[in-house]
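The next block holds one structure in the form of structure tokens; read it before the comments.
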Amino acid sequence: MNIFKVFAVMCALLLTAACSGSSSGGGEDQSSPPSADFTFAVDAINPLRVSFTDNSTQGSANITTYAWNFGNGSVSSLQNPVHTYIAANTYEVTLTVTDENNNSDSVTKSVTVSPIIPPLAEFTFAADDLINPLKISFTNNSTQGSAPINSYSWNFGANNATGTDKDTSYSYSEAWVYTVTLTVTDENGEKSSISKDVWTGSWIDVSTAALLNSIRTNLNNNYRLTADINLAGYNSDNWEPIGANAVGNRFTGKFHGNGYKIRNMKIDRSGTSYIGLFGYIDNATLSNIAMEDVDIVGWFYVGGIAGGVDNSTITNSYSTGKVNSGNLIAGGIAGYLDNSTVTGNYSAGKITANNSRAGGIAGEALNGNTITNNAAINSEIDTLNRAGRIVGEISGASNDVSNNFALSTMTATGVAFITIPEYHGINKISTELRTQATYSAASPTGLGWLFGDNATRPWKMPQPDGTAYPVLYWQP
């Protein structure tokens, strides 16, 4: 074949192929899709918060939409979202990207988040020095959890005093035990609190019957129990009351039971007046005292805790057993009261005044007394005259005797109960008096007692609730 003819044929064929390749409508779309990818970082402070960063690459066209599925039902259309999970877990997170040509691609990765660790509140305390034992320094020892602690809130347990410093101090006005609470908050808003009983001033620890007896040698000091004391057999089973009526012989200090019990106190002094654990208190404070199974016999002014009470306070205490006056004025907590406060106590047992004036809480109230929020759980009041479930006689003026509960089945022997409300109290059946709500609810539904595990909230119920009367928090 002529070489020129061959060349001409080949050119014609190439021209035909070129024309065919450039014609519209007959070829496939050669555009490329995007490629989805992302990274993520768990927040260092909040381990439930995750930041997601899109690292996708486009294909032939620009990416126009981002669809995130965080694996817990939550979604987002942002390019670089931040998501906070509710619970720690491993979640399958999917990112789907779509471009202008409606081409899409997806990628799934596992994301593990941890629980938020809250801070842990802690502090220590110490009196500044022996010269000023009422000034207490507090040192914060709290530890952070997931996030730094950024606020401190102190409640010093007195006079609504508070503070916000990391370390602080507070000067108290008197020797007592105060419940101090520190609450710390971190940058996540997580909180932690701790409460501690802080004793201020100077106190003498009492752990034995002999030490309890020695209080009579120094009647103007501060004492606290540090152990249960069993008086069975002590002093020939005939306890001598601490303090007497004569000026200079009265107990004028503070006594804090600290939740411990004094058991089996027996007194047989039928010819002596002002009889009880304390014979006579004046300008004194008694608190958190648990007297169990007392057996007391005296002449005038006989009480389960104190015989005569002037200008004093008895709170958060109880007495169980028998209290007997051979003549006049017997009460489960106190014999007689004058210008004193008896609140938040209970008495259980039999109260006897052979002639007159017997009451579940007090035998007689003279002037200016506050007798409130007590419970008389006594089985029987035995006297020939003036029997009250709460108070046997209110003989003076300016007395507030209110919101006291009394066992509905309490019996009167010798004379009928005085049914005036102040004397008689509010009826409660036995099951109610074994139930915490009866005591803890605010007045008038309850007595407003504080239940917890410290000196400020000293009461607790034996478990299960409803089986027994309250006890103080230290007791089993």
Part-to-part distance (alpha-carbon centres) for region 277-325 and region 49-67, which is given in Å: 81
Here the FRET efficiency for Ala227 versus Asn249, based on Cβ atoms and R0 = 45 Å and rounded to 0.05, is 0.95
Links that overshoot a 30 Å alpha carbon limit, given the list Lys254/Lys350; Lys166/Lys460; Lys254/Lys428; Lys350/Lys460; Lys109/Lys191; Lys135/Lys254: Lys166/Lys460; Lys254/Lys428; Lys109/Lys191
Can you give the extra length, in nm with one decimal, that the chain gains between Asn150 and Leu130 once fully stretched, where that is 0.36 nm per residue apart less the Cα-Cα distance? 3.8 nm
Extending each Cα 7 Å along its Cβ direction at Ser395 and Ala41, get the distance between those two points in nm, one decimal. 8.3
For Cα Rg over 2.2 N^0.38 Å, several values are listed as (1) 1.74; (2) 1.17; (3) 0.94; flag the one computed from this structure. (1)
Using alpha-carbon coordinates, inclination of helix 3-22 to the longest axis of the chain, degrees: 30
Does region 247-381 come out rounded, prolate or oblate by the C-alpha gyration tensor, with a ≥ b ≥ c the root eigenvalues, rounded set by a/c under 1.5 and, if not, prolate when a/b is larger than b/c and oblate if not? rounded
Place a point 7 Å from the Cα of Ser402 along the Cα-to-Cβ direction; which residues of region 313-341 have their backbone N under 18 Å from it? 339-341
Using alpha carbons only, how many angstrom separate the centre of region 380-440 from the centre of region 131-155? 46
Over the alpha-carbon set of region 38-113, divide Rg by the Kirkwood Rh and report the Rg/Rh ratio to two decimals. 1.00
Least to most buried among Ser440, Ser74, by other C-beta atoms within 10 Å and fewest first, runs Ser74, Ser440
Assuming a viscosity of 1.567 mPa s and a temperature of 4 °C, what translational diffusion coefficient in µm² per second does Stokes-Einstein assign to region 221-274, Rh being the Kirkwood radius over Cα pairs? 101
FRET efficiency estimate (nearest 0.05) - Cβ-Cβ, Val82 to Leu211, R0 51 angstrom: 0.20
Can you return the aspartates and glutamates within cross-link range of Lys266? Criterion is Cα-Cα under 15 Å, with same-chain partners fewer than 8 residues away left out. Asp237, Glu240, Glu292, Asp293, Asp295
Between Val415 and Asp268, what length in nm is gained on full extension when 0.36 nm per residue of separation is reduced by their alpha carbon distance? 50.4 nm
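Here, each number is a calculation from the coordinates, and none is a lab measurement. Since the structure is predicted, the reported quantities are computational estimates derived from the model, not experimental observations. Glycine gets a Cβ as well: all are built from the backbone with ideal geometry, and neighbour counts include every protein chain shown.
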